[in-house]
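These notes concern the structure reproduced below.
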Amino acid sequence: MASRCWRWWGRSAWPWTPPLSVGSIPSFRHQFSTQETTPQICVVGSGPAGFYTAQHLLKQHPQAHVDIYEKQPVPFGLVRFGVAPDHPEVKNVINTFTQTAHCGRCAFWGNVEVGRDVTVPELREAYHAVVLSYGAEDHRALEIPGEELPGVCSARAFVGWYNGLPENQEKTDITKAALDVLRQSRVKTVWLVGRRGPLQVAFTIKELREMIQLPGTRPILDPVDFLGLQDRLKEVPRPRKRLTELLLRTAMEKPGPEEAARRASASRAWGLRFFRSPQQVLPSPDGQGAAGVRLAVTRLEGVGEATRAVPTGAMEDLPCGLVLSSIGYKSRPIDPSVPFDSKLGVIPNVEGRVTDVPGLYCSGWVKRGPTGVIATTMTDSFLTGQMLLQDLKAGLLPSGPRPGSAAIQALLSSRGVQPVSFSDWEKLDAEEVARGQGTGRPREKLVDPQEMLHLLGH
């Protein structure tokens, strides 16, 4: 019997897009006196939010020094660990981040976990300002019976596994291991299930087009889900209209001879299951794994952004042996001293200023929630940087010199923590590229932190 994989999707925060210019943010560069104390600022997290925040601060303040702390030995966050391997063009933003890291007033401190190796109060004591940009490191749970069964995992963990995220590795080299496992996969059908309908999908037309053209696969769309949709296209925005038109063509139109032949020869299939909401993961007879998902059939109520799915009372079971939940990311609290809204999964803030904690800021997903693409994160991070610089100019941050990384380095040394610098990362980068050349790939990722530190002589 062909294996099946089921995936529940929520609102996607991808794909990443190239950075945009932000002309609406005023320049502070010529407003700071060269006689001022050098502002010592630290940023926690080296993903897009962290690097864009650092970039803005360094560009707008000619004396500012920015230290970027990262719990992984390697930088770039989701650009490294969250982008699909077959989308290398999305990772070009790393070139921009590398330029920022090469600035003489910027330093990268990898392999340092804030909240464990050093506390936020200790950072606040050493720096004039601290920016938390550590993103959304956890996944949202479905919170349904059976979710704990073997064969059920988050899409975040699955992506981290094949992208070589150290915390998702196995005992072997995860990138090669993932490739070997996927090559031997017995999965023949993948269902993407959503509680609402075609007009509410969160994926992009580019993602849909790639799926439709995926070699060796054919799409499965139920024409019933699209009845009456053509008449409603006049009232939707153009990007949504184009996406829906592609869905309609795929579901309703007979493909041409060449495409029909391609689909007929396909050994695997993927399908969209609309108007379904997961209620329970069904166990196998022996209770040792997932055997299916019980879905509630839904209908839509409301209009526009207020449209929501409500159960009709009908149920159906979808057989499958692997369940990937993909309903979004969420942030974790980083330190007891930092306020955290566990319901929303964000740090309470006003325009990036952490509520009731002067000198503490946040940017990116931990600031606004896990939504938007990289251009959104860039704009958001620039605005947080702007607020920090406004407070600095207004005299709202501590006056007088601060020791910055000198104090933190002493603390880390006393605690046996071995930081990784950006030049260290570039050595690891060169090693990855060299290993990849032997396999015909751009790189073979290092995934074991201990191996990384050994290669660096730490």
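The values are calculated or read from the model by the stated rules, or taken from the named source; none is laboratory data. Computed from a prediction, not measured in an experiment: that's the story for all the values here. Here Cβ is always computed from backbone atoms with ideal geometry, including for glycine, and neighbour counts include all displayed protein chains. Remember, those area values only see protein heavy atoms, side chains included, never the ligands or the DNA or RNA. Shrake-Rupley method; radii C 1.70, N 1.55, O 1.52, S 1.80 Å.
You can think of it this way: the chain between His102 and Glu235 has 43.0 nm of extra reach, that is 0.36 nm per residue less the Cα-Cα gap. Packing, taken as the mean count of other beta carbons within 10 Å per residue, orders the peptides 374-381, 257-264 from highest to lowest as 374-381, 257-264. Given the chain, what percent of its DSSP beta bridges are antiparallel, to the nearest 5? So the antiparallel bridges in the chain amount to around 35 percent. Within the same chain, lysines fewer than 8 places from Lys254 are excluded, and of the rest, those with a Cα less than 22 Å from its Cα are Lys206, Lys241.
Per residue, the range 51-150 exposes 36 Å² of accessible surface when a 1.4 Å probe is rolled over the protein heavy atoms with every protein chain present.
Among the listed pairs Lys367/Lys445; Lys71/Lys445; Lys330/Lys367; Lys91/Lys445, those whose Cα-Cα separation exceeds 20 Å are Lys367/Lys445.
Over the residues of the chain, the helix contribution to mean residue ellipticity at 222 nm works out to -9000 deg cm²/dmol, using -39500 (n - 2.57) for each DSSP H run of at least 4. Measuring nothing but protein heavy atoms, the accessible surface of the range 367-458 at 1.4 Å probe radius is 54 percent carbon and sulfur. Dipole magnitude for the chain: about 1360 debye, using +1 per Lys or Arg Cβ and -1 per Asp or Glu Cβ, origin at the Cα centre. Helices in the chain that qualify as membrane-span-like (whole DSSP H runs, Cα extent of at least 27 Å along the helix axis, mean Kyte-Doolittle hydropathy of -1.0 or higher) are 374-393. Using bins of 5 Å that start at zero, the share of Cα-Cα pairs per bin across the range 378-417 amounts to 6, 19, 14, 13, 16, 17, 12, 3, in whole %.
Label separation (Ser414 vs Glu210): 4.8 nm, computed from points 7 Å beyond Cα along the C-beta direction. The modelled label-to-label distance between Arg308 and Val433, using points 7 Å beyond Cα along the C-beta direction, is 5.2 nm.
Counting heavy atoms of the protein chains alone, Leu411 has an accessible area of about 50 Å² for a 1.4 Å probe.
For Cα extents along the principal axes in Å, computed directly from the structure shown, the correct entry in (i) 125, 56, 35; (ii) 82, 48, 40; (iii) 72, 50, 43 is (iii). Dividing the mean sequence gap of close Cα pairs (under 8 Å, 6+ apart) by how many residues the chain holds gives a relative contact order of 27 percent. For Thr250, Thr439, the ranking by accessible surface with the largest value first comes to Thr439, Thr250, using a 1.4 Å probe.
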